[in-house]
Amino acid sequence: MKTNLIGSALAILFMCGITPALAQKEFQGTAVYESKTSTSEFKSRFAENKEITPEMQKMIEENMKKMFEKTFILHFDKSASIYKEEEKLEAPGQNPGMRMMGSFMGGGGTYYKNVKEKTYTVNKEFMGKEFLVKDSLPRLNWKLESETRQIGGYTCYKATAVMAVSKTDFKNFRLKKKEEGKKEEEKKDEPKKTNFMDDVEIPKEITITAWYTPEIPVSQGPDNYWGLPGLILEVNDGKTIILCSKIVINPKEKAEIKAPTNGKEVSQKEYDETVLKKMEEFREMGGGPGGGRMMRMRD
């Protein structure tokens, strides 16, 4: 009952809290988000590997930081938004395996959301081939809570939801827990694992915690998050935190908010099936998204 009252109150605030700036016909906003994915468990596992030298460990950590700590820009209006990584020059000589991991993570493209039509379009490059993924926006059963906090001068409300995890979402890969109580004799008899994919797993679902502000009453947010009565300023899925660091309402330079058009058009299911098939090929070859092998998609 309490949750329903909170939801009703915030819905009223959502409708009535439109400031003159937001009421403008050509209203637009820009938000900058810092995304950071925890890599502590991977670092611990690497540290246990005696074959990895301190120099190699340092290089691995630097590459992981580039992949898992990024800045994104969200341009939004009342009904649509585009979300993309801040453009940066790629360092020369970047490990091809690291670029492949970036491909698995789906970075580098433009994520277009239309909350009015409840659809999204995102262009992704995978294995040297461009895809244009078009599908319906994921619907999350948000639970609105009364807890508040300040983010960048905005009063934000807490909301939580349980979300199914895509098997192609590399950001949510977790290292498998080591089996305890295993006899040393059994370990010696086991073939040595060289396949990265054999050491990781993906949970079926995760709990999302979001903080949104009714002071900016647009149902938008970073990445594929949406559906709350206000702009989402922070998202935490237990592995990745996306935090808004800057907001500009009605910037002087307007962004062109439209869906990308380049790439082979597929549904999310079709894209996932393509990626999973290629991941299985890696597994059979004894490689993985962090390995040195380079493969390309065939038309």
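Laboratory data are not the source of any read-out in this text; all were calculated from the coordinates shown. Everything numeric here is computed off the predicted structure, so don't read it as measured data. Counting neighbours? That spans all protein chains shown, and the Cβs are built from the backbone with ideal geometry, glycine included.
Using Cβ contacts closer than 10 Å as the measure, can you line up R139, R283 from fewest to most?
By the 10 Å Cβ count, ascending: R139, R283.
For a 31 Å ceiling on Cα separation, which of these pairs sit above it: K78/K143; K70/K204; K58/K258?
Cα-Cα > 31 Å for K58/K258; rest within.
Going down the table (K66/K129; K158/K264; K134/K239; K113/K158; K171/K269), which pairs top 28 Å between alpha carbons?
Pairs exceeding the cut-off: K158/K264.
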